[in-house]
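For reference, the structure is listed below as structure tokens.
The values are calculated or read from the model by the stated rules, or taken from the named source; none is laboratory data. This structure is a prediction, so every number in the text was calculated from the model and none was measured. Here the Cβ is made from the backbone with ideal geometry for all residues, glycine too, and neighbour counts use every protein chain on show. All accessible areas refer to the heavy atoms of the entire protein, side chains included, with ligands and DNA or RNA removed. Shrake-Rupley method; radii C 1.70, N 1.55, O 1.52, S 1.80 Å.
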Amino acid sequence: QKEVEQDPGPLSVPEGAIVSLNCTYSNSAFQYFMWYRQYSRKGPELLMYTYSSGNKEDGRFTAQVDKSSKYISLFIRDSQPSDSATYLCAMSYHAGNMLTFGGGTRLMVKP
Amino acid sequence: DAMVIQNPRYQVTQFGKPVTLSCSQTLNHNVMYWYQQKSSQAPKLLFHYYDKDFNNEADTPDNFQSRRPNTSFCFLDIRSPGLGDAAMYLCATSVGTGRQETQYFGPGTRLLVL
């Protein structure tokens, strides 16, 4: 079993839709949770960074962490074609910043 | 703009022919990382440098080596590339390795092994 599981997709939605992306994990020692966006043939770009359980909002993006369920989510409101990319969740332990990534979910937003 | 730069963006090599990928950074970060990312898979950490201290992941093959001659540059050497080494290689940097230190990624080098 992988430490971090993520549905690979692809997830196809119409422009303007609300998108929900999710990851589950098995190790309760993870404390810090991140979402990276990776455009085709580019490096990952940090989108959201959260600590422990709760919600964090930044513009159209909301990150949610439920440590009791070992489940994290990224919501994208009013999705745009420019949001089309692969979204990688990542997490780290309290002791340092070494990242464990999910395999990524490919999102396609159609005009 | 401060950034992480990787050259070349695409690299083609032959089976068994040594190849070197390069990474440079203008962020003046202490830590540099090399990841391997195969198609539709998670990035996998190969090793990282904290300043000149080299840290190898336990499952990184011996075929992969790294050099960091100074703060700004880090190289990934693949001594005898196999077909299974074809992947995107990502360089990243961070100020330190403390728990809140964000990693910043370069655009990657896509390696093709013929």
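The calculated FRET efficiency for the pair B:F15 and A:S53, based on their C-beta separation and a Förster distance of 41 Å, comes to about 0.25.
In segment A:35-56, the residues that give up 20 Å² or more of accessible area when the other protein chains are added, compared with the chain on its own (1.4 Å probe), are A:Y36, A:Q38, A:R41, A:K42, A:G43, A:P44, A:L46, A:Y49.
When the solvent-accessible area of chain A is split by element, carbon and sulfur atoms take up 49 percent of it, the probe being 1.4 Å. At an R0 of 25 angstrom, the distance between the Cβ atoms of A:Q1 and B:T60 translates into a FRET efficiency of 0.70. A loss of 30 Å² or more of accessible area (1.4 Å probe, protein heavy atoms, ligands and nucleic acids excluded) relative to the isolated chain is seen in these residues of segment B:74-101: B:T97, B:R99, B:Q100. Taking label points 7 Å from Cα along the Cα-to-Cβ direction, A:Y39 and B:M3 give a separation of 1.1 nm.
Expressed in Å, the radius of gyration and Dmax of the Cα atoms of the protein assembly as shown are 17.6, 50. Between chain A and chain B, roughly 1700 Å² of accessible surface gets buried, counting both sides and using a 1.4 Å probe. The modelled label-to-label distance between A:S26 and B:S72, using points 7 Å beyond Cα along the C-beta direction, is 4.4 nm. Working from Cα pairs under 8 Å separated by at least six residues, relative contact order for chain B is 37 percent.
Restricting the calculation to Cα atoms, chain B shows an Rg/Rh of 0.95 when the hydrodynamic-style radius is the Kirkwood one. Pairs spanning more than 18 Å between alpha-carbon atoms, out of A:K2/B:K44; A:K2/B:K38; A:K2/A:K56; A:K42/A:K110; A:K42/B:K52: A:K2/A:K56; A:K42/A:K110; A:K42/B:K52. Out of every Cα-Cα pair that segment A:1-91 contains, those further apart than 24 angstrom amount to 16 percent.
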